[in-house]
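Comments concern the structure below.
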């Protein structure tokens with residue numbers, strides 16, 4: 001995978017929409033320990049296929065984060081080629097990342113709540129639905145099947 005190439009294994013509309021919602025916070029998280037330049041951020045994002053993005057996405061995002069005060073920039077000499085613009089997290093960026101980090105597990109759990117099918121047990125397959133199971137009477141509990149009743153009591 002070439003950094004900055006948006007073609008990835010996590011393609012599709014759903015992955016794209018999810019990525020749009022969290023990319024900003026992933027970038028802030030990548031900057032939490034040290035400043036990084038754009039291609040470095042693209043490379044680290046691309047290491048997780050569903051987060052791979054393009055230069056046409058990352059640089060406008062970085063510009064917006066700078067304008068909104070979440071990151072600062074600094075030009076540094078490069079060992080090869082022109083100077084590189086490094087992005088560093090500001091206090092406001094750290095606060096935003098901390099808020100997201102605190103909210104994410106609750107948000108993820110809420111989505112999982114709706115995606116998990118309470119009628120399906122991953123270990124044993126579909127669970128019986130008491131509403132549609134003729135052998136279950138909501139008033140008195142499970143009914144016995146007269147043909148399989150070990151008592152043999154058929155009246």
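Observations, loosely collected:
- Condition check for residue 69: more than 14 Å from residue 37 (Cβ to Cβ) and either in contact with a strand residue (DSSP E or B) (Cβ under 8 Å, 6 or more places away or on another chain) or at pLDDT below 95 (or both): no
- Residues of segment 61-82 that turn out to be assigned to a helix (DSSP H, G or I) and either over 26 Å from the mean Cα position of the chain (by Cα) or surrounded by 12 or more Cβ atoms within 10 Å (Cβ to Cβ) (or both), as a count: 6
- The set of residues in segment 26-39 that are assigned to a helix (DSSP H, G or I) and over 12 Å from residue 97 (Cβ atoms) comprises 38, 39.
- Listed by first and then second residue, the pairs linking a residue in segment 26-54 that is in contact (Cβ under 8 Å) with a residue 60 or more places away in the chain to a residue that is surrounded by fewer than 16 Cβ atoms within 10 Å (Cβ to Cβ), with Cβ atoms under 9 Å apart and 6 or more places separating them unless they lie on different chains, are 28/94; 29/101; 31/88; 32/94.
- Filter pass, residue 57 being assigned to a loop (DSSP other than H, G, I, E, B), touching a helix residue (DSSP H, G or I) at 6+ places or on another chain (Cβ under 9 Å), surrounded by 10 or more Cβ atoms within 10 Å (Cβ to Cβ) and at pLDDT below 95: no
- Flag for residue 23 being in contact with a strand residue (DSSP E or B) (Cβ under 7 Å, 6 or more places away or on another chain) and in a helix (DSSP H, G or I): no
The values are calculated or read from the model by the stated rules, or taken from the named source; none is laboratory data. Just so it is clear, the model here is predicted, and its values are computed rather than measured. Ideal geometry is used to build each Cβ from the backbone, glycine not excepted, and the neighbour counts take in all protein chains shown.
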